[in-house]
Amino acid sequence: MLSGIGPRDELEKHGIEVIHDIPGVGQNLHDHPDLMLVYQSKKRLGIALNVVGALKTVRDLFQYLTQRKSWLASPPTAAGGFLRSAPGQNRADCQVHVVPLAYRDHARDYKLMTKWGYTIILNIGPKEPRLGCLT
């Protein structure tokens with residue numbers, strides 16, 4: 001809420017100038033930690049931010065524009081799913097993504113992204129869903 005958008009009383013309590021008084025902002029937030037497993041590959045598959053990767057992307061862009069085929073026709077997450085963290089769970093509380101790019105730290109490690117590989121991400125959600133407002 002450092003932007004000044006949120007509940008007036010909460011902003012003023014912290015000495016933040018009120019830009020927009022919107023009561024629901026910042027409500028019902030919760031952490032969803034993740035675990036990232038990064039695999040480097042000797043094969044030049046997937047996405048890599050290097051010269052060969054750029055050349056492959058140009059080729060793939062041409063293939064996509066002319067034939068509607070290539071990895072550009074797919075979402076960036078190659079595979080995904082939902083899991084239960086324990087047999088007694090009545091609903092899935094974990095989410096898995098497989099991305100054809102080696103990255104970590106929310107893609108702030110550029111050096112790693114120049115290498116070929118994959119990342120498997122496990123997002124751990126809350127034990128119980130919480131209802132609230134999305135503002």
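The values are calculated or read from the model by the stated rules, or taken from the named source; none is laboratory data. None of the values given here were measured: they were computed from a predicted structure. Reconstructed Cβ throughout: ideal geometry from the backbone, glycine too, with neighbour counts over all protein chains shown.
Taken as a whole, the structure leaves L29 outside the set of residues that are more than 30 Å from L11 (Cβ to Cβ) and either touching a residue at least 24 places away in the same chain (Cβ under 8 Å) or of a type in the set (A, V, I, L, M) (or both). Please state which one of G24, G125, G132 is touching a His at 6+ places or on another chain (Cβ under 7 Å), closer than 30 Å to S3 by Cβ and at pLDDT below 90. Only one candidate qualifies: G125. There is at least one residue in region 53-76 that is in contact with a strand residue (DSSP E or B) (Cβ under 9 Å, 6 or more places away or on another chain) and exposed (fewer than 12 other Cβ atoms within 10 Å of the Cβ).
Taking the conditions exactly as written (surrounded by 10 or more Cβ atoms within 10 Å (Cβ to Cβ), at pLDDT 90 or above and in contact with a strand residue (DSSP E or B) (Cβ under 9 Å, 6 or more places away or on another chain)), does T114 satisfy them or not?
Working: surrounded by 10 or more Cβ atoms within 10 Å (Cβ to Cβ): yes; at pLDDT 90 or above: yes; in contact with a strand residue (DSSP E or B) (Cβ under 9 Å, 6 or more places away or on another chain): no.
No, not satisfied.
Within this structure, S41 fails the test of being touching a Cys at 6+ places or on another chain (Cβ under 6 Å) and not assigned by TED's automatic domain parsing to the domain that holds G6. Of the residues that make up region 93-108, is at least one modelled with pLDDT under 85 and closer than 29 Å to G24 by Cα? Among the residues of region 93-108, at least one is modelled with pLDDT under 85 and closer than 29 Å to G24 by Cα, which makes the answer yes.
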